[in-house]
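To keep things clear, I will list the structure first and then write my remarks on it.
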There are 2 protein chains.
Amino acid sequence: MAKSVKKRSRAAVIPYHHGDLRRALIDAALALAAEGGPSAVSVREAARRAGVSPGAPFRHFDSREALMTAVAEEAQQRFRAEIDAALAGTAAEGPLRQLKLLGMAYLRWAMRNPAHFEIISTGRWFDHDAAVAVSRDNADAIALSEQLLAQAAASGQLRPVDLKATQIAGRALVYGLARMNIDRHFPRWGVQPEQVERIAEQALDVFISGIAK
Amino acid sequence: MAKSVKKRSRAAVIPYHHGDLRRALIDAALALAAEGGPSAVSVREAARRAGVSPGAPFRHFDSREALMTAVAEEAQQRFRAEIDAALAGTAAEGPLRQLKLLGMAYLRWAMRNPAHFEIISTGRWFDHDAAVAVSRDNADAIALSEQLLAQAAASGQLRPVDLKATQIAGRALVYGLARMNIDRHFPRWGVQPEQVERIAEQALDVFISGIAK
DNA sequence: TCGTGAATGTAAGCATCGATTACATAATTG
DNA sequence: CAATTATGTAATCGATGCTTACATTCACGA
């Protein structure tokens, strides 16, 4: 019983079975994406990093896209956790302040995890229909922003604006900033990396003060 | 003299030399991108469409990236032409109106040529340093928006805003809308294709009226 | 006019990648 | 302990980017 365990734990004996190859492949893919962008993720390289043959991953993922789908779900979970944490217990601060906190948490994560954000936000890298959690979390975030905007309007904190158009504009602003970061618009435009988050915050302030009464 | 010409024009005689393979490859690549996105562009398929061997393109482009760079320059030229046309002779309409016209022309082209817009806007698909025209046109557009914003401020049409932050917010808004279209956020969110441009215009209006006095 | 060098194409082949198939080994379970 | 299932390897396929060696055509000057 303990014998077989001892045998494998002995020095550099590589067990035929990996243990948790699925998890290792997702982690390797996340690392590859972080290093060279989503396109740098290859099944073979992930297998290489997990110390396994090129065909092994296909026992756990039917295709490269299936691996990316799992990666997207993992990334989306981390993304959502950060946003939830930022908004926890802030209800008393008012909807406009919460809207800004939501935007800042969103941007903060997107700026610091550009490749992972790109994977979940584009849908080009994974099967959107298969990754139900991604869609759900996204819908939740959108619904939350709608709610906060409606609250702000109901409590008379907004100038007379079209709520729907305003919500889309806000989403587009935040998404645009995240995308500009991914697409290297900021360095090309002379913005230092450490300034990016601050500049994004200022842009968000411009928008919010533009709709606030 | 005319003999050789006649010989080749006769029926289905394929000349050894293409005539303008470079041009044909760029056109094929543009078509491939439009059909399946930038990642659908392959050197071999472009060669296939031009009726030429897989190695031939490398006489004109050192790499796939070099082909994409030429594609980007072509696309950027079309993009800029559309914007210039939209702004021609509109100086009398005032800076804020021109700002909106600029944004709408930008969005219009981006929405109708998503793949080509993605190529020029991301820099992941081509060598940004080699495509000087792309950088220059982009810088011009940015400079123009700065100018218009400064004019609006100087003539007292703006609320008291941070001009730099406002300009970045405006860019991010427009870029975000274009990107949401590319990344299929709109259909996923139940927005009909024919409504996209109208919704984008409304979002732009929200922003501009938010900064206007 | 011609012939020679440059330009431009073909053919064949390399490495990498995603993916499949047949087979081998370990883990689990009755 | 035996048999079934899960999970790995090995070998292979077709597509791709890219290179090299060779073939053909074009353009220009003697």
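Where a number appears in this text, it was derived from the coordinates with a stated rule and is not lab data. Everything numeric in this text was worked out from a predicted model, so none of it was measured. We place every Cβ from the backbone using ideal geometry, glycine too, and count neighbours over all the protein chains shown.
Things to note:
- Comment: the Cα-to-Cβ extended label point of A:Thr90, at 7 Å, lies 3.7 nm from its counterparts in the other copies, nearest first.
- Across the stretch B:26-94, Cα-Cα distances exceeding 13 Å account for 68% of all pairs.
- Between amide H atoms placed 1.01 Å from N, distances below 5 Å from B:Ala212 occur with B:Arg159, all of them 5 or more places distant or on a separate chain.
- Rounded FRET efficiency, nearest 0.05, which uses the C-beta distance separating B:Thr90 from B:Ala133 and R0 of 41 Å: 0.95
- Anisotropy class assigned to the stretch B:58-137 is prolate, per the alpha carbon gyration tensor with a/c at or over the 1.5 cut-off and a/b larger than b/c.
- Using only alpha carbons, the protein assembly as shown has a radius of gyration to Kirkwood radius ratio (Rg to Rh) of 1.05.
- Cα-centre dipole for the protein assembly as shown with unit charges at Cβ (Lys and Arg positive, Asp and Glu negative), debye to 20: 1420 debye
- Total formal charge among the other residues, if their Cβ is under 13 angstrom from that of A:Glu45, Lys/Arg +1 and Asp/Glu -1: +2
- Among B:100-111, B:26-37, sorting by the average number of other beta carbon atoms lying within 10 angstrom of each residue, highest first, gives B:100-111, B:26-37.
- Computed about the Cα centre, the dipole magnitude for the stretch A:15-61 is approximately 160 debye when only Lys and Arg (+1) and Asp and Glu (-1) carry charge, each at its Cβ.
- Between the stretch B:32-46 and the stretch A:168-213, the alpha-carbon center distance in angstrom: 31 Å
- Counting Cβ atoms of other protein chains within 10 Å of each Cβ in B:131-140 and taking the mean gives 1.
- Percentage relative contact order, the stretch A:72-211, counting C-alpha pairs under 8 Å, at least six apart: 32 percent
- Projected over all directions and averaged, the alpha-carbon convex hull of the stretch A:105-200 occupies 7.3 nm².
- In sequence order, calculated HN-Hα J values of the stretch A:170-181 (Karplus, 6.51, -1.76, 1.60; Hz; x Gly/Pro): x, 4, 5, 4, 5, 5, x, 5, 4, 6, 4, 5
- Computed from backbone phi with θ = phi - 60° and the Karplus coefficients 6.51, -1.76 and 1.60, the 3J(HN,Hα) list for the stretch B:44-61 is 5, 5, 4, 4, 4, 5, 8, x, 9, 6, x, x, 4, x, 6, 6, 10, 9 Hz; x is used for glycine and proline.
- Between amide H atoms placed 1.01 Å from N, distances below 5 Å from B:Asp127 occur with B:Thr69, all of them 5 or more places distant or on a separate chain.
- Kirkwood-based shape ratio for chain B, expressed as Rg/Rh from alpha carbons: 1.10
- Comparing A:Ala75, A:Ala141, A:Trp109 along the charge dipole axis of chain A, the residue lying farthest to the positive side is A:Ala75, per the Cβ-charge model.
- In sequence order, calculated HN-Hα J values of the stretch B:204-213 (Karplus, 6.51, -1.76, 1.60; Hz; x Gly/Pro): 4, 4, 4, 5, 5, 5, x, 9, 7, 6
- Across peptide B:121-127, the average count of Cβ atoms from other chains found within 10 Å of a residue's Cβ is 3.
- Residue mean of other protein chain beta carbons inside 10 Å, A:157-168: 4
- Dividing the convex hull volume of the alpha-carbon atoms in the stretch A:15-61 by its residue count gives 62 Å³ per residue.
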